[in-house]
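In what follows, a structure is listed as structure tokens, so that the remarks can point back to it.
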Amino acid sequence: MFKFSFTIMGSLVLTSALAASQATLGGGEDTPGVNITASNDGSEILPLSTTGYNNSWGPIMGEENAVLTSPPFVPAPITRNHATKLIVDLEVIEFTAPIADGVDYTFWTYGGTVPGSFIRTRVGDIVEFNLHNDPSSKMPHNIDLHAVTGPGGGAASSFTSPGHTSQFSFQVTIPGLYVYHCATAPVGMHIANGMYGLILVEPAKGLAPADKEYYVMQGDFYTEGAYGEAGHQAFDMNKAIHEDADYVLFNGSVGALVGDKALTAEVGETIRLFVGNGGPNLVSSFHVIGEIFDRVHVEGGTMVNENVQTTLVPSGGSVITEFKVEVPGNLVIVDHSIFRTFNKGALGMITVTGPEDLTVYSGKQDDRIYQGEGGAVQRVPTAGSNQIPATRDMAKRMELGKRTYEANCMACHQVNGAGIAGAFPPLAKSDYMMADRNRAINIMLEGLAGKITVNGTDYDSIMPKIVMSDDDVANVLTYVLNSWGNKADKVKLSEVKAAKAKKASGH
Amino acid sequence: MRKLILHSSPLLRYAVGVTLLLSVGCSKPVAPPAIELTALITIPDGMYRPLYPGKSEPAEVVLSGFLLEEHAVTNQQFLSFVKINPRWQRSRVRSLFADKGYLQHWVGDVELATDSELSPVTNVSWFAARAYAEWAGRRLPTLAEWEYISMASETSAYGRDEKGYNQLILNWYGKVTPPIPPAVRFRVANFFGVYDMHGLIWEWVDDFNSALVTGESRGNSALDRNLFCGSGSIGSADPSDYAAFMRFAFRSSLEAHYTTRNQGFRCAADLK
């Protein structure tokens, strides 16, 4: 009799605990992404399963190898409705690769990428973690996963010498999006070299469906040379201590999410971004130009905010943002501490294709004359290159010019020289630019304000004077005069110097 | 028995390994011709500043003078050793004394890869390094001796405060390991006349386990606070010496039978 009632009670407790622990995030159909309630607060004391693990999320059934993906992609949403034993094999590899055009850096990575592979788990899973340290590694490495409850987040148990593997196991007990990173001394250097990534612990009922899911992780980098300085750059410990970053990047290199590597979506789709910030130092003011976040899972946790323009991602933290795209065009992913975007590389893109919606966004409807006070021509200081040979061949000028263009001009005149309608004139097949070579040189040296007509369209804007070396002026002009359908002789250093001299003498 | 040893704690394996080594090595090894060994540099008495002084230890201790090989043991030298001591050849070495990576960069048991003769021998375990040193009538340097010599720059016994000194070392740590390191005497000798303390390979020392950094380098246990590198950086004598931290961290990840692609050794000897 006693046994009978105990069994009934036991199963009732188990059932209600299971029901309570179902996350209400999404639920799918009627209320997408309302909130995650981690309502299993541990107040229910449940009988242990035969494996000895806490089975508040149901029994642990079966085992499988985790699918790991390289950024910006994530593994498919988890469809199983039970916890399992998940085997993760993650490799540490140190190698040299470009961090920017012409600039090499030695990265220390998980899975051969910065950020490291994305790990997708379900709450209740037992993760058997195997950390492999490639034999060619210089350093021992370990891993601290913020999803782990235990010493060092796993770091105490995963200290791995080159050419060895460490294995340890943990249960993911709380849903959320968590950072993982290396915790071997000196920790800051290991993180600064790219040893970070994200592990997602899905709630029991999963996340609401999204049409596109992407993985973006910000990091700050510290090099001996300045931003863009060519050659192999070593890590600079002193700059890292002073939090004086040279590069602030999404996914480990300048332009990692730009051009043909931009994220993509179609009008009407819902995009979910799993966003992390590896640091090591800087906090991110995460914003997507041209969109508002419909839902923000604040700090990758349970709380959901709505209708947010810019959200903070702490160093060593995360956020999940979801938004539905309504109009076609390029959305720009930025850290709104904006000099990081335009001068340190924190710029990514989402290309949205599909039909226009002129009510939501009309594009420019009219352009009229306005007789205002008039702006002064501003100076924009930029770093010049150090080496200045007197002559260069066409190929070299084109190569260097392209680099200079991307660093200084592309933000306004765009990657294909198309400019932005109504604001910045095109350079591609520009009649205005091609008509007068000396005028083009002078615009580079002095800036330009006032109305001009390019290819039949009026532009009345200001181009700031860009301060750069004569060599860079010759390079970038050679590049624009010979790109996107333009054709001209290479611009020589002597022409630039002559124009400068003429200007100085008061022409 | 072997399985028991292999899966037990590192300390036990160390103890068993050393005992076996001493007992197995009772047949006297054939001594090498003196001409093949590296020249020894005389290091006079000096003051050593340990990175992790013990609680009651002074910041500076007298280090007795000793002899140190001018450069690391090369592949060529190690080849001579294994030819005369075949139980240290790759296919014959006991797994207790060296793991599967032992001499993996050699073409065969007694055959080197092309152009690797003068490169420092790597993929050798602590047991193998000790065996060579004993055969040569020498020993491995102690951690104190090695770190003392490593602190020198080209012009002074204490180079740590020189501008750019630490950065030079960190630059090397940031570079990828080539499969065969360059030949020994890679850069100019330091103040003591010793080559390659930095920039070529990691090196075994006799008591490599004596200052442990744990895997969890942020530390949350009051018990071993001065060994955890997060608070260990507070406990260390020179928190700015990140290069030294990394060497301590590297050594702490090792066990005596481990072989590593970028680690070799050099020998020391007592002053007569």
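The values are calculated or read from the model by the stated rules, or taken from the named source; none is laboratory data. As the structure is a prediction and not an experimental result, all values here were calculated from the model. Positions of Cβ are generated from backbone atoms using ideal geometry, with glycine treated the same way; all protein chains shown enter the neighbour counts. These accessible areas exclude ligands, DNA and RNA; they are computed on the full protein's heavy atoms, side chains included. Shrake-Rupley method; radii C 1.70, N 1.55, O 1.52, S 1.80 Å.
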Looking only at the range A:61-77, and only at residues there that are more than 30 Å from residue A:404 (Cα to Cα) and open to solvent by less than 40 Å² (accessible area, probe 1.4 Å), the one that is nearest to the other protein chains (Cβ to nearest Cβ): A:66
- prompt: Since residue B:106 meets every condition but one in (1) of a type outside the set (Gly, Ala, Ser); (2) surrounded by 16 or more Cβ atoms within 10 Å (Cβ to Cβ); (3) in contact with a strand residue (DSSP E or B) (Cβ under 7 Å, 6 or more places away or on another chain), which condition does it not meet?
  reply: (3)
query: Of the residues that sit in the range A:159-175 and are open to solvent by less than 10 Å² (accessible area, probe 1.4 Å) and of a type outside the set (S, T, N, Q), which one is farthest from the other protein chains (Cβ to nearest Cβ)?
result: A:172
message: Considering only residues that are out of contact with any helix residue (DSSP H, G or I) (no Cβ under 8 Å at 6 or more places or on another chain) and facing chain B (nearest Cβ under 7 Å), which ones fall in the range A:133-157?
response: A:135, A:136, A:152, A:155, A:156
query: On the given criteria, is residue A:197 touching a Phe, Trp or Tyr at 6+ places or on another chain (Cβ under 8 Å), away from chain B (no Cβ under 14 Å) and open to solvent by less than 10 Å² (accessible area, probe 1.4 Å)?
result: yes
message: Out of the residues in the range B:249-266 meeting the condition of being more than 7 Å from chain A (Cβ to nearest Cβ) and closer than 21 Å to residue A:155 by Cβ, tell me which one is surrounded by the fewest Cβ atoms within 10 Å (Cβ to Cβ).
response: B:255
- prompt: Of all residues in the range A:176-194, which are surrounded by fewer than 24 Cβ atoms within 10 Å (Cβ to Cβ), within 13 Å of chain B (Cβ to nearest Cβ) and small (Gly, Ala, Ser)?
  reply: A:188
- request: Grab the strands (runs of 3 or more DSSP E) fully contained in the range A:204-293, keeping just those with 2 or more residues being more than 14 Å from chain B (Cβ to nearest Cβ), closer than 15 Å to residue A:331 by Cα and open to solvent by 10 Å² or more (accessible area, probe 1.4 Å).
  value: A:212-221, A:263-266, A:284-289
- prompt: Hey, among B:159, B:164, which residue is at pLDDT below 90 and within 13 Å of chain A (Cβ to nearest Cβ)?
  reply: B:164
field: Selected residue (criterion: farthest from residue A:487 (Cα to Cα)) from residues of the range A:435-456 that are in contact with a Pro (Cβ under 8 Å, 6 or more places away or on another chain) and modelled with pLDDT of 90 or more
entry: A:452
- prompt: Is the range B:118-133 home to any residue that is in contact (Cβ under 8 Å) with a residue 40 or more places away in the chain, surrounded by fewer than 21 Cβ atoms within 10 Å (Cβ to Cβ), assigned to a loop (DSSP other than H, G, I, E, B) and among the hydroxyl-bearing types (Ser, Thr, Tyr)?
  reply: no
field: Residue tally, condition open to solvent by 20 Å² or more (accessible area, probe 1.4 Å) and in contact (Cβ under 8 Å) with a residue 24 or more places away in the chain, over the range A:82-100
entry: 9
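Conditions (1) farther than 30 Å from residue B:176 by Cβ; (2) among the small types (Gly, Ala, Ser); (3) outside any loop (DSSP other than H, G, I, E, B), marked per residue:
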| residue | (1), (2), (3) |
| --- | --- |
| A:56 | yes, yes, no |
| A:72 | no, no, no |
| A:77 | yes, no, no |
| A:87 | no, no, yes |
| A:98 | no, no, yes |
